[in-house]
1. Does residue 36 satisfy being outside any loop (DSSP other than H, G, I, E, B) and either in contact with a helix residue (DSSP H, G or I) (Cβ under 7 Å, 6 or more places away or on another chain) or loosely packed, with under 10 Cβ neighbours inside 10 Å (or both)?
2. From 84, 72, which residue is in a helix (DSSP H, G or I), closer than 30 Å to residue 3 by Cα and within 19 Å of the chain's Cα centre (by Cα)?
């Protein structure tokens, strides 16, 4: 727990089994994580109003923790893919667009 007391025994079958060190537990702390998203929602930003209305109309608003976790996982997956593949895709689109414009002008 947060007071560095071991509350349960963990495996002992593998060399690295045992209680997690304080450094690892500190990196796993989730206190305040919800605020990273939910502090923006009450401000009434346009995109959150749209998402809320659409989600409500389509019956997609989570009603329990499992549905909320699934929604967050989906959002994280989409965000990660956009961050990784978005910039290269944008560069390719710009290159293709420039190529097509030059081709039309010369042809």
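Coordinate-derived values only; no laboratory data. Note that the structure is a prediction, hence the values are computed from the model and not measured. Note: ideal-geometry Cβ built from the backbone for every residue, glycine included; neighbour counts use all protein chains shown.
1. yes
2. One residue alone meets the criteria, 72.
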